[in-house]
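Read the structure below first, then the notes.
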Amino acid sequence: MLLLTLIVLPFLGSIAAAFMPTHARNREAWFAGAIALTSLLITLSKYTVIAEGELITFQLEWIAQFGLNLSFRMDGLAWLFTLMIQGICLLVILYARYYMSPKDPVPRFFSFLLAFMGAMLGVVLSGNLIQLVIFWELTSLTSFLLIGYWHHRTDARRGARMAFTVTALGGLCLLAGVILLGQVVGSYELDKVLAARELVVNHDWYLAIFLLIALGALTKSAQFPFHFWLPHAMAAPTPVSAYLHSATMVKAGIFLLMRLWPVLAGTPEWTWIIAGAGAITMLLGAYFAAFQHDLKGLLAYSTISHLGLITCLVGIGTPLAVVAAIFHTINHATFKASLFMAVGIIDHETGTRDLRKLSGIGRYMPYTATLAIVAGAAMAGVPLLNGFLSKEMFFAETLTVGSDRNIWLSVAAVLMGIFGVVYSLRLIKVFFGTFNPTIGITPQEPPRWMRFPAEFLVICCLVVGIFPELSVGLLLSSAAGSVLGDQLPQYNLAIWHGINIPLVMSFVALVGGILTYLEMRRRGVFTRDRTPLVPTWANGKQLFEQALLALTGAMMRLERIFGTRRVQRQVLILVLAALGAFAVIGFSPISLDAAQPSSELTIPFALLWLVGGACAIAAAALAKYHRLASLILAGGTGIVVCLTFLWFSAPDLALTQLMVETVTTLLLLLGLRWLPPRLMQGKPTLRKIARRSRDFIIAIIAGLGMTLISLVVMFNPSSSRISAFFLERALSEGGGSNVVNVLLVDFRALDTLGEITVLGVVAITVYALLRRFRPAPESVGAPLQQLDPIDPAARQTVPDQVSHGYLLVPSVYISAILPITFLIAVYFFMRGHNLPGGGFVAGLIFSVGLMMQYMLSGTAWVELKSRLQPHRWVSAGLLIAAATGIGAWFVGYPLLTSHTAHVTLPGIGEIHLPSAFMFDLGVFVAVVGTTMLIITALAHQALRSTRFVTSGVVTPPPPYQEDQ
């Protein structure tokens, strides 16, 4: 349960933080810090278990037959990343307490930050690949919110959009690769996937699986050619940059490569693509970083370079390279987070991050200068600091690739080291020289506790650099061992290995970097506005914007072709698309030889359908002239369908269809007034005849297609097996004799949960649209007689009393209808598990009572809106249904597993109590809330518009005022 707590706790904290007072930084920071600290202590408590090489797991069954379970696992690698995620989050929260302005909406910041932490923990702790992808996309969503936190700034919005677009598209590729991988292995459980290397590597789908997963990892970790999004994400607040771009978001792709290294690595494709992308990225990032004028831009490109270094190590594929990659991941997180914090302090105290303006600030900020210098030296790879050790291991591993004549990777590594020293010196230089008074602010040291996070991380850089084996030896061994297993090599973390080639490469990089920096400074390269020798293909931002413009232009052209505000044309496009899909997919031939009719065709049944067909044809014919009559006739067709279900002994379907037909007809009746008016048409033209003939042919084809689908389903041999399955198990396993209801609340409860969720979303959408809906401009100010030339008397204005129902039905009858309807709904609800009825039907029955209340009371019924609060009914219904399903987990059963109990009560006797009763109650509440919300929207419009109808003329309403 501790693993589940680690995931759930940040999300609960995120929800709570969102509702805290707006301008109370201390309270919100303390709360967010307490969440992060609690999570960190839970992780630290498992250190001894992880150090012994044990695996901590937690699993809840969900849809086991499809390999979808809620599964978490913690090994050495997951523990290490969990520690970095939680530890640096705690430091960032403390730092943000002083960095964020009191005018900022701080609750929103900490809410997003905690949600992002929870999503990252879900990625590293997931034991199921589909679950990992879900958390992966959550990191893209929450990082979008964090990067665009200052949404009033254009650069923040663009940076957030760019980051989300690239990483979310990569996530979709990852999902496709994971699905293929799961199909090959036969399971999505990570343990089974990691044990199936030979099966995966030798499979025909290996290349497709690898490329799709690699796209997901490379986009998330900003590797070439997707490196361009990370610098533009620097528009986020500095605490966000310190967190996302040191230890969390950009490390997710690297974590995925390490996680799947045992099953995907060791092939030429892996080495060339992963190592190649990493090598190009580390060179481009280091080169661009050397020419940046913004301190955060410099750190952004240096991050890209170091991520490329780690990716290149993972791509090399040797066991020692994996150890070096994990080691540099730790080191980069510490010195890069501290550098971001130092840069944030500089920006906070001087008001600028421009390297051309900053100089000599070390005399005013000696402590901050010392911290930044040490962290910058660690980034450059200076001895006795952590960055030197892992970078030397990288140099050593580049020598193992290729032959003596193929030393391209070693040369690239040294070049990266040289530029790494150059941009580190540029950062350090701001603390030396003559102070520039033109910045207009005299800097000073920040508050003590704002500086503490950077101090702690810099101390870690020193401790690891001087005492590597003592400080991180066991931690690194357990993390690397969880990836490599028996392949874990022997290695030595000592700070001195004698004079060897990697040491010489480090010396060349340091000295070469210093000389290159001095020469570039002498030539004035650092004062130029444009980065030299930048090819067009390397300008990712320009390519991204061009792609977006091209995509937007293509969509606008498609919108001009297919877009329309006419409902008829929209329906036509949907029907044609459905017919096209039907033609592409097709169906197997239908064998009607073995089909036996369930009953003989009788004259009453034939007459029944003649009536239904006549109603349907008449409804279509009268739709042009009288919508109300057309709606009534369509309702007649629905009644015939209900009677057909009864004819074939399906009372549940008949009852449900009857109530759905009633509710739909009433809602359409309420909405008729908002349809645009139909004016008198002239003589039919050839174009109109052709259009109607086209619609008639399409309708016939669509009807025949639905008939064919029905025949395929009914005469498919598997249909009888499915029916027999539910008939045999409804009572024994579902605890009810009403197979239809048991099917809805037990066997296919997940479908039902999805359906009521869709109902709620539709109701909220209708309400959101109608609450700002205005009558059509052509109807405003027009005489009522012009709105319906067929029956102008029916559109005459009636007195306001009649619209309120006072002259139609006595109020005593109105007040009696709703309780009676409620009792009927309760009756059908209680009998639903064994007899026709259930929560859905009961909800519709009660909804009809509410609608009748509105129909009789008119616009006065809207006054009940504040007391009904239908949106809360929708949410309550969904929560009840979901909580009933989740409750099965707490007793060790899969999600939505029902349980039947028989309780004996004194004076009452035995009572049948299935757990599905509560699920059905959630369905009832959600259906009632959905209907009430739509009625509220319609009644709201009636209240706002009917008051302006006078003397047969519709007068313009007053200026719109948004509801409070």
With point charges of +1 on the Cβ of Lys and Arg and -1 on the Cβ of Asp and Glu, referenced to the Cα centre of region 265-531, which listed residue (Phe291, Ser471, Leu493) lies farthest in the positive direction of the dipole? Phe291
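All other residues with a Cβ under 14 Å from the Cβ of Ile495 taken together, and with Lys, Arg as +1 and Asp, Glu as -1, what is their net charge?
Once positives and negatives cancel, what remains is -1.
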Neighbourhood net charge (13 Å Cβ-Cβ; Lys/Arg +1, Asp/Glu -1) for Gly837: -1
Paramagnetic reach from Ser732 in region 880-900 [backbone N under 13 Å; point 7 Å along Cα→Cβ]: none
Name the residue from Gly512, Pro446, Leu384 whose Cα lies farthest towards the positive end of the charge dipole of region 265-531, charges +1 on Cβ of Lys and Arg and -1 on Cβ of Asp and Glu. Pro446
Could you put Tyr188, Tyr367, Tyr423 in order, starting from the residue whose Cβ has the fewest other Cβ atoms within 10 Å? Tyr367, Tyr188, Tyr423
Short version: ³J(HN,Hα) in whole Hz for each residue of region 336-348, in order, from phi by Karplus 6.51 cos²θ - 1.76 cosθ + 1.60 (θ = phi - 60°), x for Gly and Pro, what are they? 6, 5, 5, 5, 4, 5, 5, 5, x, 5, 4, 5, 5
Over 21 Å between Cα atoms, which of Lys251/Lys391; Lys357/Lys391; Lys220/Lys429; Lys103/Lys220; Lys251/Lys296 qualify? Lys357/Lys391; Lys220/Lys429; Lys103/Lys220
Rounded to whole Hz, the Karplus (6.51, -1.76, 1.60) HN-Hα couplings of region 747-752, x for glycine and proline: 4, 10, 5, 5, 4, 5
Compute the distance from the alpha-carbon center of region 13-64 to that of region 340-395, in whole Å. 31
Pseudo-spin-label distance Leu12 to Leu169, built 7 Å along Cα→Cβ, given in nm, is 4.0
What does the charge dipole of region 265-531 about its Cα centre add up to, to the nearest 20 debye, if the Cβ of each Lys and Arg holds +1 and the Cβ of each Asp and Glu holds -1? 960
In sequence order, calculated HN-Hα J values of region 116-122 (Karplus, 6.51, -1.76, 1.60; Hz; x Gly/Pro): 5, 4, x, 5, 5, 4, x
Enumerate the amide H contacts of Gln869 below 5 Å, restricted to partners 5 or more residues apart or on another chain; note that Pro and chain-start residues carry no placed amide H. none
Ranking request for peptides 309-315, 874-880, 692-698, 890-896: highest mean number of other beta-carbon atoms within 10 Å first, then the rest in descending order. 309-315, 874-880, 890-896, 692-698
Long-range amide H partners of Thr897 with built H, under 5 Å: Ala888
Coil-residue trypsin sites (Lys or Arg not before Pro) of region 67-168, DSSP, other Cβ within 10 Å capped at 11: Lys103
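Computed from the coordinates by the stated procedures, all read-outs in this text should not be read as laboratory data. The shown structure was predicted, so the numbers you read here are calculated from the model rather than taken from an experiment. A quick note on method: Cβ atoms are made from the backbone with ideal geometry, for glycine too, and the neighbour counts reach across all protein chains shown.
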